[in-house]
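Below you'll find the structure, written out as structure tokens, and then a few comments.
Just so you know, all these numbers are worked out from the coordinates, no wet-lab data involved. Since the model is a prediction, treat every value here as computed from it, not as a measurement. Cβ sites come from the backbone with ideal geometry, for glycine too, and all protein chains shown count toward neighbours.
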Amino acid sequence: MKVPFFRSPWQTPELAQQLGREMAEVLQGGHYILGPQVQSFEQSLSARYSHERQAIAVNSGTDALVLALHLLDLQAGDEVILPAGTFIACFEAVIRSGATPVLADSRADDFLCSAEQIRPLITPRTRAVMAVPLFGDTSATPAIAQLCKDQGIALIEDIAQALGAQTRDANGDRLHAGSMGDIATLSFYPTKTLGAAGDAGALISPHTHLVERARALRNHGRSGALHGEVGFNSRMDELQAVVLRHGIARLDTWLHERRSIAQRYLEQLADLPDIFLPHRREGHAWNYFVLRSPRRDELKAELNRLGVDTRVYYDPPIHQQPSYLQRFAAVELPNLQRHAQQALALPLYAGMPASEVDLVIDAMRAAVNSMRR
Ligand SMILES: *Cc1c(COP(=O)(O)O)cnc(C)c1O
């Protein structure tokens, strides 16, 4: 493959060596879990929210979602509205919480699920909404936050793909992804904009009681010598925290690089027939650059032949996955079902050489041309 879909910044030899030296110190120090590296990373993360939100480091983005829903004390019969166009972990976490997942469609011209898709699904049993700024676009979240506020419903923001994304509210004020809900969840899975060298995640919240409870819950419900409730083991280890501390210091540079690459794709691919590019939105974090093509599978095969690796997020969508089919046999989400068959993510990562970006652009042009013949 001439252009890989993704390369981790930690594969860069100089960075790998630098991290290796710090990891060796941790190894020699002997404090391996929830130590000073984790604390320092948590501080850096909450500093991105001016310390108005506290961060709790956990083991994965999935665990963060499970803990976030646990904090809401949901009962059987309670409903949680979430987009069907998201990663399966969102759905799993709702099932694990004992509540009923209610799946929402995407917009007609966009992968995002917005307040208009959510509003008609609200019932007296709705306890929470999960907003997912998919692929790094948080522009739909302010209206969802307003809807939740008006209705007295808890809002969880799953910003696994949107750390660093920004948007504006109805008054034009700037808002950061993760600053609009009661709890936000993050994943540091290696392909995320801030990626670890393994599994890791975090929760952030402005509510002190939720923060304290989440801190205890990730470590068997323990607070001091006491176990106040049945908890989990979802602790972050020091070696991942070393990586993430370095990553968060570079995050703004990486976001800038991602935005420039997306900008080039948007400019250079704009004239291709039957290719629907993602919307150009201020503050988009571009974790993934996902276009739509009615002939997606052919396009993917053609790009692959030309040496460009691509990915599909997410097909089939959640409600059409085999294990869930029966449960959702009656659910029709026409926009998402169409998008799912058309979605294709192009390579985009921080540190991607300009020559690779050019290669992707050339390959896209060649692929579209050869498909027209
Ligand atoms: C990656 C991801 C998750 C899950 O994170 P893990 O760290 O892999 O458990 C959850 N939600 C979304 C939207 C994601 O992209």
statement: Filtering the chain for DSSP H helices with an axial alpha carbon extent of at least 18 Å and a Kyte-Doolittle mean of at least -1.0 returns 13-29, 238-268, 354-372
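Helix-derived [θ] at 222 nm for the chain: sum -39500 (n - 2.57) over DSSP H runs of at least 4, divide by residue count, nearest 500?
So the helix-based figure for the chain works out to -12500 deg cm²/dmol.
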Amide proton proximity set for Gln54, modelled H, under 5 Å, gap of 5+: Ser205
- prompt: Given Cα pairs under 8 Å that are at least 6 residues apart, what percent is the relative contact order of the stretch 9-246?
  reply: 24 percent
query: Residue by residue through the stretch 102-110, which ³J(HN,Hα) values in whole Hz follow from phi under the Karplus form 6.51 cos²θ - 1.76 cosθ + 1.60 (θ = phi - 60°), with glycine and proline marked x?
result: 10, 8, 10, 7, 9, 6, 5, 10, 6
- request: Scan around Gly201 for amide H atoms under 5 Å from its own, H built in the peptide plane at 1.01 Å from N, and keep only partners 5 or more places away or cross-chain.
  value: Val58, Asn59, Ser60, Phe188
Exposure proxy order (Cβ contacts within 10 Å, fewest to most) of Trp10, Trp286: Trp10, Trp286
- prompt: Just for the Cα atoms in the stretch 9-246, what are the lengths along the principal axes, largest first, rounded to whole Å?
  reply: 56, 41, 30
message: I need His279, His319 ordered by Cβ neighbour count within 10 Å, fewest first.
response: His279, His319
- request: Could you go through the stretch 273-281 in sequence order and give the Karplus-derived ³J(HN,Hα) for each residue, using 6.51 cos²θ - 1.76 cosθ + 1.60 with θ = phi - 60°, rounded to whole Hz, and x for Gly and Pro?
  value: x, 6, 10, 9, 7, x, 5, 7, 10
message: For Leu65, Leu163, Leu269, Leu299, which order do you get if you count the other beta carbons within 10 Å of each Cβ and list the fewest first?
response: Leu269, Leu299, Leu163, Leu65
- line: Long-range share for the stretch 158-253, i.e. C-alpha pairs more than 24 Å apart as a percent of all pairs, stands at 32 percent
